[in-house]
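A short write-up of the structure that comes next.
Here, each number is a calculation from the coordinates, and none is a lab measurement. The shown structure was predicted, so the numbers you read here are calculated from the model rather than taken from an experiment. Glycine gets a Cβ as well: all are built from the backbone with ideal geometry, and neighbour counts include every protein chain shown.
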Amino acid sequence: MSWGWGEGVPQDAIYWNMICERKGLYTCFPSGRVINAGKSQHNEDQACCEVVFVEQRPSPRGRLPSREGSGELDGGKKGFYFHYWALFDGHAGSGAAVMASQRLHLHICEQLRDLVEILQDPSPPPICLPHGAKTGPADPNHMSYTEDCGEVPNDAAPRFHLEKAVSHESLVIGAIENAFKHMDDQIERERASQHLAGGCCALAAIYLMGKFYVANAGDSRAIIIRNGEIIPMSREFTPETERQRLQFLALLRPELLGKEFTHLEFPRRIQPKELGKKMLYRDQNMNGWAYKKIEEDDLKFPLIFGEGKKARMMATIGVTRGLGDHDLKVFSSNIHIKPFLSCFPEVRVYDLTQYEHCPDDVLVLGTDGLWDVTNDKEVAGVVMEVLTSYEPNDPCRYTMVAQELVVRSRGVLKERGWRLANDKLGSGDDISVFVIPLGGPGNYT
């Protein structure tokens, strides 16, 4: 269920869009999404909520007999479902966010197709797959690992070969990571023909086989609230949080700086009159600060400058992971910023089967419009306050939580602008929120 302000809609108007019910999510995951674009001309936030069937890829050697419990459905299709929610916070245009909201879940599905049998088999994933065979558990009728890989077994020789244990969970994480990369590649290929301006942060939650996989690339965030406890499920990727990665890349490839920037960080801009003096600095290896003698090269603009939400990379962008931005350049220059941006998400996993959950336990996904003015504790307080005012089996309670979160983050219009309850400035950004219940009647079977 969705509620919010949209482009061209009066700020106090409410409209409803039965997203989850229309797609059959209502009985499994009654969720809420809220978008506030009342203070901007265009809404650059996008959202998606889907149930996706992952069908096993056909085998080039023909169909093999299915095993008991292999996940074969009526009609002979073999596979599994996953539930999917995602928020995309666009910048410099909504084009990348719109395409990502329409395609990312399909890329995830495509990456998972090779893993259908592997994920449904409790045995460890095979390290090496037979040539030309489908991706799946090893079949006793197939060649051995050494025969297929062209190795000749030598029983007389001592074996010191070590194999790293790979979990099913890590295969899903890898599939999600690769899906983000393929999504970014598609935006790059089609940006001209589809007029895909700008880029976007991406935050996705995938529920698969009893686990939530939360993938974040950007400054949106997710938290779980369980029995009053706050469990972070993501972190922000900004010039400050990824400083050392960015500095290290700049050190290895100084040509990316275009002779305009220095990879070193200083507390402030250096003045020419300070040449020869000692000033605080830090490089890619340092968490603390030290003094160095200022040289001519140090007069260049720092790769990372500013603090908090005002921190910028190359004086241009405040996020360091996301999709798109393939044409982004430093103002009035030919210096491309994309080489420093990563499209790969950090994926965190939450195993629902390890805990008992009640109807008040939820996963909250939000774009930075929420988190810029509301901290984790305040979000948890709103969640508990609203949920306790509704019956536990009322699915609308989660939509009401999302509505209340955005209303409080937006604030109230006063003479001095939009103000929160504490009279601080409200969020001036688009605000999008998903509230997903982790337990309760009829949620998980």
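What would the Debye formula give as log10 I(q)/I(0) at q = 0.11, 0.18, 0.20 Å⁻¹ for the alpha-carbon point model of the range 192-262, no solvent?
Debye intensities relative to I(0), on a log10 scale: -0.50, -0.91, -0.97.
Can you give the alpha-carbon Rg of the range 319-445 over 2.2 N^0.38 Å, where N counts its residues?
In units of the 2.2 N^0.38 Å rule of thumb, it is 1.36.
Using DSSP to define loop residues, name the chymotrypsin sites (Phe, Trp or Tyr not before Pro) in the range 173-249 whose beta-carbon has at most 15 other beta-carbon atoms within 10 Å.
On the way: sites: PHE180, TYR207, PHE212, TYR213, PHE237, PHE248; in loops: PHE237.
Within the range 173-249, no chymotrypsin sites (Phe, Trp or Tyr not before Pro) qualify (loop, at most 15 other Cβ atoms within 10 Å).
In nm, what is the difference between 0.36 nm times the number of residues separating GLN271 and ASP394 and their Cα-Cα distance?
38.0 nm
Within a Cβ distance under 12 Å of ASP327, other residues only, what is the Lys/Arg minus Asp/Glu net charge? Walk me through the intermediate numbers first.
Values: positive: ARG191, LYS329, LYS338; negative: GLU188, ASP325.
Counting the neighbours of ASP327, the net charge comes to +1.
Bin all alpha-carbon pair distances of the range 206-336 at 5 Å intervals from 0 and give each bin's fraction as a whole percent.
So the P(r) values, bin by bin, are 2, 9, 16, 19, 17, 12, 8, 7, 5, 3, 2, 1, 0.
What lysines could a cross-link reach from LYS259, if we take a straight Cα to Cα line under 16 Å and drop same-chain neighbours fewer than 8 places away?
LYS300, LYS329
Applying the Karplus parametrisation 6.51 cos²θ - 1.76 cosθ + 1.60 with θ = phi - 60° to the phi angles of the range 242-247, what ³J(HN,Hα) value in whole Hz is obtained for each residue in order, glycine and proline being reported as x?
10, 3, 5, 4, 5, 5
Extent of the range 226-272 along each principal axis, from alpha carbon coordinates, in Å, largest to smallest?
Taking the Cα atoms of the range 226-272, the three principal extents are 56, 25, 12 Å.
Using a simple spin-label model with points 7 Å from Cα along the Cα→Cβ vector, what separation in nm is obtained for SER170 and GLN244?
2.2 nm
Testing the spin-label approximation: label points 7 Å from Cα along Cα→Cβ at GLU190 and LYS300. State their distance in nm.
3.8 nm
How long are the three semi-axes of the equivalent ellipsoid for the range 387-434, computed from the Cα gyration tensor as the root of 5 times each eigenvalue, in whole Å, largest first?
Working from the Cα gyration tensor, I get semi-axes of 26, 11, 6 Å.
Under the Karplus relation 6.51 cos²θ - 1.76 cosθ + 1.60, θ = phi - 60°, what is the ordered set of whole-Hz ³J(HN,Hα) values for the range 182-191, x standing for Gly and Pro?
For the range 182-191, the Karplus curve yields 5, 5, 5, 5, 5, 4, 5, 5, 9, 5 Hz.
Could you give the nm distance between label points at ALA315 and GLU55, where each point is 7 Å from its Cα heading toward the beta carbon?
5.4 nm
Name the residues whose placed amide hydrogens come within less than 5 Å of the amide hydrogen of THR262, ignoring near sequence neighbours (fewer than 5 apart) on the same chain.
Result for THR262 returns PHE301, LEU303.
Restricting attention to the range 199-249, which trypsin sites (Lys or Arg not before Pro) occupy a DSSP loop and are surrounded by at most 16 other Cβ atoms within 10 Å?
ARG235
Convex hull over the alpha-carbon atoms of the range 293-355: what's its volume per residue in Å³?
161 Å³
What does the highest-first list of 366-375, 312-321, 269-278, 387-396 look like by mean Cβ count within 10 Å? Don't skip to the end; give the middle numbers.
On the way: 366-375: 23.1, 312-321: 21.3, 269-278: 11.3, 387-396: 14.0.
Going from most to least packed, we get 366-375, 312-321, 387-396, 269-278.
Once phi is turned into θ = phi - 60°, what whole-Hz ³J(HN,Hα) does the Karplus curve with 6.51, -1.76 and 1.60 give for every residue of the range 269-282, x standing for Gly and Pro?
Once rounded to whole Hz, the list reads 5, 8, 8, x, 5, 8, 4, x, 7, 9, 9, 5, 7, 8.
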